[in-house]
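The numbers here are math on the coordinates, done by the rules we state, and not lab data. Given the structure is predicted, the values throughout are model-derived calculations rather than measurements. Quick reminder, even Gly has a Cβ in these numbers, built from the backbone with ideal geometry, and neighbours come from all protein chains shown.
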Amino acid sequence: MDLIQKLTISALLALTIVTAGMLIQNHIAVLNSPEATTDPQIDLQKIYEDKISKNTILYASVVDLLKQKQFSQADSKLQEIEASNPDNPQSLIYRAKLQYGLGESATAIHSYRLAIDSSPDYIDKKTPLFMGDEIMDVISETRSKLLREKKLKPGDTSIDIALEDIYYLQRRIAGGCE
């Protein structure tokens, strides 16, 4: 074995030892980090609890007004909340409930679609935010009305759009691909 071969083998051996040391050091650091000792499921549960708690407080007056069927006051309050919290998809859920209470079924279905597109947690049965059953109840009632209307007004594109929203929601809630 000549000198170059001996130096090459020595260099490879040294690199292997350094690399192994770095891997061991990294593994020890990961095991000792605080993130390694916390359960991600617990963190996720805490996030959901915080979100639900915040939304319960934020939308309490809207819920009360909807229960009392005071739709114009509920709409005003919801608009205030939407202005101060524009990225909260819970507003879309309450907007849909308001629209449905006013008899605007097709518009309510579209608001549910927007809410689900903003936060798929609403149709994930594993989350405490799941409301697929409630949405399916609205869909069932609305679909039959829209199918009757489609027969009466075959050229009405707004009915076709509303039916497409219904079919989309049914696929999403059932777990279909999009």
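Before moving on, here are some points about what is shown:
- Residue separation of Met1 and Asp50 scaled by 0.36 nm, minus their Cα-Cα distance, works out to 10.8 nm of gained length.
- Loop sites in segment 79-178: trypsin sites (Lys or Arg not before Pro), DSSP, at most 14 other Cβ within 10 Å: Lys125, Lys126
- Amide H contacts of Glu104 (H built 1.01 Å from N, under 5 Å, at least 5 apart or other chain): none
- The chain, relative contact order in percent, only Cα pairs under 8 angstrom and at least six apart counted: 13 percent
- Between helix 71-84 and the chain there is an angle of about 30 degrees, using the helix long axis and the longest principal axis of the Cα atoms.
- Overall form of segment 46-120 per C-alpha gyration tensor (a/c, 1.5; a/b vs b/c): oblate
- Once the C-beta distance of Ala60 and Asp160 is scaled by a Förster radius of 35 Å, the resulting FRET efficiency is 0.40 to the nearest 0.05.
- Of Gly21, Gly155, Gly101, the residue with the greatest mean-square motion in the GNM of the chain, using alpha carbon springs below 10 Å, is Gly21.
- Between Met136 and Asp43, the FRET efficiency estimated from the beta carbon spacing at R0 = 30 angstrom works out to 0.50.
- From the coordinates of this entry, log10 I(q)/I(0) by the Debye sum over Cα atoms at q = 0.09, 0.11 Å⁻¹ is computed, and it appears in (i) -0.59, -0.73; (ii) -0.40, -0.54; (iii) -0.50, -0.62 under the label (iii).
- Gain on full stretching of the segment that runs from Ser76 to Ser118 - 0.36 nm per residue minus C-alpha separation: 12.9 nm
- Note on the chain: dipole from Cβ charges, positive end direction compared against Ile161, Ile173, Leu65; the farthest Cα belongs to Ile161.
- Considering only Ile52, Ile42, Ile161, the Gaussian network model of the chain with Cα springs below 10 Å gives its largest mean-square fluctuation to Ile42.
- The count of lysine pairs in segment 39-174 that are at least 8 places apart or cross chains, and whose C-alpha atoms lie under 16 Å apart, stands at 9.
- Highest-MSF residue in the chain out of Ala29, Ala74, Ala83 [GNM, Cα springs under 10 Å]: Ala29
- Estimated FRET transfer efficiency when R0 is 35 angstrom, pair Thr127-Thr19 (beta carbons, to 0.05): 0.25
- The ranking of Val30, Val63 by Cβ neighbour count inside 10 Å, starting from the fewest, reads Val30, Val63.
- Against the chain, whose longest principal axis is taken from its Cα atoms, helix 3-32 shows a tilt of about 40°.
- Segment 43-52 - phi-based ³J(HN,Hα) in whole Hz, Karplus 6.51/-1.76/1.60, Gly and Pro as x: 4, 5, 4, 5, 4, 5, 4, 5, 5, 5
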